[in-house]
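Each reported figure results from applying straightforward, stated rules to the coordinates on display, with no laboratory input. Please read all numbers here as calculations on a predicted model, not as lab measurements. Positions of Cβ are backbone-derived with ideal geometry, glycine not excepted, and every protein chain shown enters the neighbour counts.
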Amino acid sequence: MPLASIDMAEPVPGKPAMGSRIMVQLRVVDEDGRGVPDAVVEIWHANAAGRYDHPADPARAPLDRHFRGAARVATDRDGRLALHTIKPGAYPVPDSGQWWRPAHIHFSVLGRGAVTRLVTQMYFAGDPMLDWDRIWLSVPDAHARARMVAAQLPPHEAPITTDIERLAFTHTLVLRGREETPPA
């Protein structure tokens, strides 16, 4: 069975989104570390300029006509999924006194049962804006916050999936238990 995959960076062949391409090897697991097959993962994030393709986004940053910024896909039988996208840009929060959101990707995961749902965000290691992000800081436990950060793979360990160069990350979403990924 092939790995579940979604390409948000170039949903229409020959019309790529602007920005740095990335791939996230995502895995959805239960509290025992077992992959959750057929989990529905909704993904959304801002474009490379830090703007969402949504009428309610008041940002002055430009839209990217080749980037919609939202997708839905189911994991494979091992709970895995390859997300091909662009690295989202940071953006100022309106009416906040100059508070900026760091680069992040939103996930909403529906597991096997209706009671298994997680809405969270994934951040990128080393982003200095994390220290100022009010949503990041709303998770009081530093160990829990660390579970929201993707690990970047060294270039020589990144899987070769296409002829396109991209940075690669791994990230695990834990749906329940003591090591559950914090909701955000």
| To the nearest 20 debye, what charge dipole does segment 5-174 have about its Cα centre, counting +1 at the Cβ of each Lys and Arg and -1 at the Cβ of each Asp and Glu? | 260
| remark: Sequence order, segment 39-53: Karplus ³J(HN,Hα) from phi using 6.51 cos²θ - 1.76 cosθ + 1.60, θ = phi - 60°, Hz rounded, Gly and Pro as x, gives 5, 8, 10, 9, 10, 8, 6, 6, 6, 5, 8, x, 10, 8, 7
| said: Please give the charge dipole size of segment 83-184, origin at the Cα centre, charges +1 on K and R Cβ atoms and -1 on D and E Cβ atoms. Round to the nearest 20 debye. | reply: 380
| Under the Karplus relation 6.51 cos²θ - 1.76 cosθ + 1.60, θ = phi - 60°, what is the ordered set of whole-Hz ³J(HN,Hα) values for segment 102-111, x standing for Gly and Pro? | x, 4, 7, 10, 8, 10, 10, 10, 10, x
| field | Per-peptide average of other Cβ atoms within 10 Å, ordering 135-143, 63-71 highest first | value | 63-71, 135-143
| remark: Surrounding charge for Val109, neighbours by C-beta under 12 angstrom, Lys/Arg +1, Asp/Glu -1, total +1
| note | With the charge dipole of the chain built from beta-carbon charges (+1 for Lys and Arg, -1 for Asp and Glu) about the Cα centre, the Cα from Val29, Gly177, Ala39 projecting farthest to the positive end belongs to Ala39
| Quick one: net charge of Ala48's neighbours, Cβ under 11 Å, K/R +1, D/E -1? | +2
